[in-house]
1. When the residues of the stretch 41-84 are filtered to those that are modelled with pLDDT of 90 or more and of a type in the set (S, T, N, Q), which remaining residue is farthest from Leu126 (Cα to Cα)?
2. If Gln99 meets every condition in (1) modelled with pLDDT under 95; (2) closer than 27 Å to Lys133 by Cβ; (3) open to solvent by 50 Å² or more (accessible area, probe 1.4 Å) apart from one, which number is that one?
3. Scan the stretch 176-199 for residues that are of a type outside the set (S, T, N, Q) and within 16 Å of the chain's Cα centre (by Cα) and jot them down.
4. Is it true that Ser79 is surrounded by 15 or more Cβ atoms within 10 Å (Cβ to Cβ) and part of a loop (DSSP other than H, G, I, E, B)?
5. Report, by residue number, each residue of the stretch 252-270 that is loosely packed, with under 13 Cβ neighbours inside 10 Å and part of a loop (DSSP other than H, G, I, E, B).
6. If I ask for residues that are surrounded by 14 or more Cβ atoms within 10 Å (Cβ to Cβ) and closer than 23 Å to Lys100 by Cβ, which ones from the stretch 51-76 would you list?
7. Quick check on my filter: what residues within the stretch 114-164 are touching a Ser or Thr at 6+ places or on another chain (Cβ under 9 Å), open to solvent by 80 Å² or more (accessible area, probe 1.4 Å) and within 30 Å of Asp102 (Cα to Cα)?
8. If you check every pair at least six apart or on different chains, which have Cβ atoms under 7 Å apart with a residue in the stretch 263-276 that is at positive phi first and a residue that is part of a strand (DSSP E or B) and among the charged types (D, E, K, R) second?
Amino acid sequence: MVARVQPDRKQLPLVLLRLLCLLPTGLPVRSVDFNRGTDNITVRQGDTAILRCVVEDKNSKVAWLNRSGIIFAGHDKWSLDPRVELEKRHSLEYSLRIQKVDVYDEGSYTCSVQTQHEPKTSQVYLIVQVPPKISNISSDVTVNEGSNVTLVCMANGRPEPVITWRHLTPTGREFEGEEEYLEILGITREQSGKYECKAANEVSSADVKQVKVTVNYPPTITESKSNEATTGRKASLKCEASAVPAPDFEWYRDDTRINSANGLEIKSTEGQSSLTVTNVTEEHYGNYTCVAANNLGVTNASLVLFKRVLPTIPHPIQGPGSVRGINGSISLAVPLWLLAASLLCLLSKC
């Protein structure tokens, strides 16, 4: 099959008129499109567009063309695009069907009909809408507290998507304005976390992506817990600190660093540390120092291991008929039944 050569755009009306004149003359067409301006048809990218054209007589000479050239002349297809076909649900319909519409299909389409006197045309302007799609977004970023941060989120779509930013905190703060760039001046540790970029238009649901912002800051002791213990028992001192990156912990007794040895055990996890004495002796009582450090700073807290003093029971007053034992306890020298019998005897004058 020999491919047809598309005529020059300036010659299209003349070529089309000559083409239509080669066909038998039919009756005038009936379509509201011929009596008004260009109609707009809006189709989402990837969907099928149907451009309507209806005539009164099946012998009418009809053709479709667009800005690029002739698409159909009668039933003869001039376009090489396989997505384009005629839509003929009945003999008087001469509609154009375009499958899997894309943005380059957007533009003006003309249905031209040859009448007995002169050609008549109806124009349809095809508008292709494109769902929002985020094309570029900042990678996850790590900064020091007090730095300035700029996040970028760019999106494509038709109509142009509206971009909004939101900090994913329990309050879900949304930032004012509709900008591709989000600037945070002097960022604080509370402003760390995930930031959501949302690109939205009326075509379909919004496209959403996230950026994680990590804010480094020096350690701060959030809790330090002293303790008291009796000798021979187990006791622990605990220390917690907040920092990013997570702090390293060290323990000191006076100016001497403590290691896990000789009955002492140090356990440190992210953000907290403990010093445990497995068997407390008199030498373990006193002041200790917990040190938390990362590459941004150092902080410390003082803790004390106290000696627990057991409460003493006061001795009762020693009365008649009782004696103090060797260990200080009170015991009766005379049995109670004998004292009671003697008392009854005195009362009865026996």
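1. Ser79
2. (1)
3. Selection gives Leu182, Gly193, Lys194, Tyr195, Glu196, Cys197, Lys198, Ala199.
4. On the way: surrounded by 15 or more Cβ atoms within 10 Å (Cβ to Cβ): yes; part of a loop (DSSP other than H, G, I, E, B): yes.
Considered against the rule, which asks whether it is surrounded by 15 or more Cβ atoms within 10 Å (Cβ to Cβ) and part of a loop (DSSP other than H, G, I, E, B), Ser79 comes out as yes.
5. Passing the criteria: Asp254, Asp255, Asn259, Ser260, Ala261, Asn262, Glu270.
6. Leu51, Arg52, Cys53, Trp64, Leu65, Asn66, Gly69, Ile70, Ile71, Phe72 - these are the residues of the stretch 51-76 that are surrounded by 14 or more Cβ atoms within 10 Å (Cβ to Cβ) and closer than 23 Å to Lys100 by Cβ.
7. Selection gives Lys120, Tyr125, Asn156.
8. What qualifies is Gly271/Glu240.
The values are calculated or read from the model by the stated rules, or taken from the named source; none is laboratory data. This structure is a prediction, so every number in the text was calculated from the model and none was measured. Note that we place each Cβ from the backbone using ideal geometry, even for glycine, and neighbour counts take in every protein chain shown. Surface areas here come from the heavy atoms of the whole protein model, side chains and all, with no ligands, DNA or RNA. Shrake-Rupley method; radii C 1.70, N 1.55, O 1.52, S 1.80 Å.
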